[in-house]
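Each value in this text was obtained by applying a stated rule to the coordinates, not by laboratory testing. Note that this is a predicted model, so its numbers are computed, not measured. As a convention, Cβ positions derive from the backbone with ideal geometry for all residues, glycine included, and neighbour counts pool all protein chains shown.
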Ligand code: GLN
Ligand code: ZN
C-alpha cells in the first residue's frame with residue numbers, strides 16, 4: 001500500500017535551451033540574419049521542450065513565464081510599465097525597446113546590469129522615475145500560460161514579486177510607495193490569469209532572505225493583502241531562495257498566501273521552525289534538490305527531511321522542489337560524453353534533478369522494490385564518490401593542516417617593502433593584464449584544441465603575440481608591462497586546466513545574462529599543482545624587455561567563485577588548497593626573476609554572503625587565502641591585485657588586510673564614485689583606480705583621464721597612486737587599445753609634469 005505521492009514542482013527551468021538555442025537565435029536576430037518571427041519561433045520551441053522535459057520527468061507543477069528573451073527582471077519592468085523615459089520613443093515597437101534597454105542602441109546606452117543576489121546571473125536594474133504610472137503593460141505571463149495550455153501543459157506562471165522588484169531597482173523616491181503601487185498591477189495580472197483558468201501563481205520574493213529594514217516586513221504584509229484581496233480566486237505560492245529567512249520566516253508564514261517555498265539546501269534548519277509555525281492550510285514547497293550546484297542529491301538523507309515534514313503536515317500540504325530555479329545549473333548531463341565516467345556518475349544537471357525530485361516523491365509515498373533499488377544505487381554512487389582516491393590527496397590535506405599564521409604574513413611591513421621594490425616614476429602606468437584576444441588567436445586556439453594545429457605552431461604564434469604586445473607597451477611608454485594573456489581563453493579555465501581536482505564539461509552552460517553563457521569548471525577533488533602553470537610565458541615575456549613585466553595569476557577566491565565547487569569539503573579549506581597551489585606558482589615566478597606579480601581577485605566582493613552575520617567569517621578566510629597565496633615572496637617582490645567594480649565600502653578593511661603592495665580597481669565607469677568609499681577611511685598601500693572605461697569602444701581623451709587622475713589625487717597622495725585602465729583589454733580591439741593607452745600615458749605624464757612644477761614652485 002502506498003499513499004498519494006507528494007506533488008513535485010520545479011520553480012524555474014533553464015531557458016537557454018538544451019544546446020544554447022536561445023543564444024544562437026538571439027545573436028542571429030541581432031545580426032539581422034533572422035526576423036522577429038524566426039526569433040519568436042525559436043523561443044517557442046525552447047519553451048515547448050522545457051515543458052515537455054519536465055512533464056515527461058513526472059513534474060506536477062510546471063512553471064511558465066520562467067522563460068525570458070533576455071532577463072526576467074527586465075520582463076517585469078516591461079510588464080508593469082516601468083520603461084524609463086529615454087527608451088520610450090515614439091514609433092518604435094516593443095521588441096526594439098526591450099533590446100534597447102538590455103543592450104543599448106545607437107541613441108541610448110543600455111540600462112545598468114548587476115548580479116542577481118550571490119549568483120553569476122546578471123539582471124537589468126529597474127529604474128523608477130518620479131511620476132511613473134504603473135499599469136499592466138504586457139501580458140507575457142498570460143500569453144505563455146495560454147501557450148503552454150494549448151500544447152497540453154497546465155502550468156503555474158511565475159513572476160518576480162513586487163516588493164523584491166521594487167527593492168532591486170534604483171529609485172529616487174520611496175520604494176514602499178512603489179511596491180504598493182505595483183500591488184494593484186499584480187492584482188490585475190492575477191485576475192487575468194484566474195480568468196484564463198490558472199489556479200496557482202508563483203510569486204518570487206527572494207528579498208525575504210536578506211537583512212531587511214524594519215519597514216519592509218509590514219510592507220510585505222500590506223502588499224500581499226492588497227494582492228490577495230484584489231483576486232482571491234488564484235492561489236499564490238510565495239517563493240524564497242538563496243538564504244535563510246531567519247527572523248523573516250514567521251512574518252512570511254503569516255502572509256495571505258497559499259504556499260511558501262523555502263530553500264532547504266542553503267538553509268535546512270529553517271524547516272523545523274516552518275513546520276512548527278505554519279498556519280493551518282498553508283502549503284510548504286520544500287526546496288531540497290540543489291539548484292545552485294551540480295552534485296547528485298543524497299536521496300536517503302533528503303528523504304528524512306521529507307518524511308519529517310509529511311508526518312507533521314500531511315503529504316497533501318507539501319510540494320517537493322529544487323532549492324531555487326534550475327536556471328543556475330547546466331541543462332542536461334546527457335550531452336557530456338567526454339567526462340570521466342566516475343565523475344559523471346556523481347553529477348546531476350537540471351534534467352537529472354527532475355528525476356531526483358520524482359524519485360523522492362515516489363519514495364516518500366511508499367517503499368516498493370523499485371524504489372529500494374533506486375535508493376540503494378544512489379547510496380552506492382555517493383559512497384563511491386566519498387571513497388574515490390581522486391577526491392582525496394593526503395599530501396594536500398597534510399599541507400593545509402600545516403598552514404601557520406606566519407605563512408600569511410609578508411616579511412616586512414608595507415613601508416619597509418616599498419623602498420626596496422622596483423624603482424618607478426611617480427604615477428606609474430600599467431594595464432590590468434590582458435590585451436585583445438583577436439579572432440586569429442581564438443581561431444588558432446580552437447584549431448590547436450582540435451588537434452589541427454601543432455603545439456609548436458600554436459606556441460610560436462603566442463610568442464609572436466607576446467612580443468608584439470611588449471614592443472607596443474614599450475613604444476607607448478607604459479612603466480609596468482603585461483605579457484597579454486594570449487594563451488588564456490578564460491582566467492579561471494586556464495588555471496583549472498592545469499590544476500589537479502578540476503574538470504571541464506563540454507556543454508555545461510549556464511546563463512550569465514541575455515545570450516551570454518558561462519561554462520564553470522567543476523572542482524571535484526583536492527587541488528594541487530602538478531607543475532608550473534605560467535612561468536615559461538612570464539620568463540619569455542620578461543626576456544624581451546628591460547622594463548618589469550607582471551606575472552599574472554587568478555586568485556583563489558575567484559577560482560572558487562566562478563566554479564561549481566565540491567560540496568564535501570568546507571569552502572575555506574578548498575580555498576586554502578587552491579591558495580597553496582598558487583603560492584608555489586608565485587614562488588616559482590619570483591625565482592624566475594619576475595619582480596612584479598599580480599593575483600587577480602575580481603570575485604572577492606561577489607562571494608560576500610547575503611546575510612550580514614555571515615560576512616566577517618567569509619572575509620576572514622577569503623583574505624587569508626589571498627595572503628597565503630602571495631605572502632611567501634621577498635620584500636623586493638611587488639604583489640599586485642585587481643578587482644572589478646564592486647561596492648567596496650563594506651569590504652574596505654578586508655581589502656586593506658589583503659596587504660597587496662598595489663591594488664587596481666574599476667572606477668572610470670562609475671565616474672570615480674568608488675573614491676568616495678576611500679575618502680573617509682583611506683587605504684594604506686598603493687592604489688590604481690581605473691581611469692579608462694574599457695567596457696566601451698570609445699577611446700578616452702587625454703583631458704578626460706587627466707581629470708580622473710586629478711580626482712584620485714584628491715583622495716590619495718601622488719606617491720601612492722598608479723594610473724591604469726578599469727580592467728583587462730581582452731574584449732577590445734587593437735585599434736581602440738592603441739590610442740587609448742597612448743592617451744593614458746600622456747595623461748599621466750602631463751600630471752607628473754604639473755606636479756613637479758608645483759613642487760619646484762613650492763620648494
Ligand atoms: N588580468 C585579467 C585581465 O586583464 C583580469 C580580468 C578581470 O578582472 N576580470 O583580463
Ligand atoms: Zn577587472
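Values as computed for the structure displayed
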quantity	calculated
Size of the stretch 591-634 as Cα extents on the principal axes (Å, biggest first)	43, 17, 9
Gain upon complete extension [residue 464, residue 355; 0.36 nm per residue less C-alpha separation]	34.2 nm
Pairwise label distance in nanometres, residue 545 with residue 456, each label 7 Å out on the Cα-Cβ vector	2.9 nm
Semi-axes of the equivalent ellipsoid for the stretch 261-398, Cα gyration tensor, largest first, Å	29, 17, 16
Burial ranking of peptide ranges 27-35, 229-237, 357-365, 514-522 (average Cβ count within 10 Å, highest at the top)	357-365, 514-522, 229-237, 27-35
By average C-beta atoms within 10 angstrom, highest first, the peptides 271-283, 109-121	109-121, 271-283
Residue-span extension gain [residue 614 to residue 756] - 0.36 nm each, minus C-alpha spacing	46.4 nm
Separation between Cα centres of the stretch 75-146 and the stretch 695-747, rounded to whole Å	32 Å
Scattering profile of the stretch 99-153 at q = 0.31 Å⁻¹ [log10 I(q)/I(0), Debye over alpha-carbon scatterers]	-1.07
Tail fraction, Cα-Cα pairs, the stretch 479-531, threshold 16 Å, whole percent	55 percent
Label-point separation in nm, residue 312 to residue 191, each point 7 Å along Cα→Cβ	3.8 nm
Cα-based Rg / Dmax (Å) for the stretch 615-659	11.4, 33
Within the stretch 717-746, backbone nitrogen closer than 19 Å to the virtual label 7 Å beyond the Cα of residue 440 toward Cβ	729-739
Cα-based convex hull volume of the stretch 329-407 per residue, rounded to whole Å³	161 Å³
Paramagnetic reach from residue 28 in the stretch 41-55 [backbone N under 14 Å; point 7 Å along Cα→Cβ]	41-46
Residues residue 376 and residue 44, FRET efficiency given R0 of 56 Å [Cβ-Cβ distance, rounded to 0.05]	0.85
Cα-based Rg and Dmax for the stretch 218-290, where Dmax is the largest Cα-Cα distance (Å)	12.1, 35
Ellipsoid equivalent to the stretch 419-568 - semi-axes via the Cα gyration tensor, in Å	29, 20, 16
Over the stretch 1-126, volume per residue of the alpha carbon convex hull, in Å³	142 Å³
Whole-number percent relative contact order across the stretch 497-540, with pairs defined as alpha carbons under 8 Å at least 6 apart	44 percent
Relative contact order (%) - the stretch 269-368, alpha-carbon pairs under 8 angstrom, separation at least six	35 percent
log₁₀ of I(q)/I(0) at q = 0.12 Å⁻¹ - the stretch 604-725, Debye sum with one point per alpha carbon	-0.47
All-pairs Cα distance distribution in the stretch 300-353, expressed in whole percent, bin size 10 Å	19, 36, 29, 14, 2
Likely footprinting exposure, 670, 285, 388, fewest C-beta neighbours within 10 Å first	388, 670, 285
Per residue, the convex hull volume that the Cα atoms of the stretch 238-332 enclose (Å³)	93 Å³
Highest-first arrangement of 681-691, 59-69, 646-656, where packing means the average Cβ count within 10 Å	59-69, 681-691, 646-656
nm² value of the averaged projected area, convex hull over the Cα atoms of the stretch 545-672	8.9 nm²
Ellipsoid equivalent to the chain - semi-axes via the Cα gyration tensor, in Å	46, 31, 25
Two-site FRET efficiency, residue 254 against residue 135, from Cβ-Cβ distance with R₀ of 30 Å, rounded to 0.05	0.50
Relative contact order of the chain, defined on C-alpha pairs under 8 angstrom at six or more residues apart (%)	11 percent
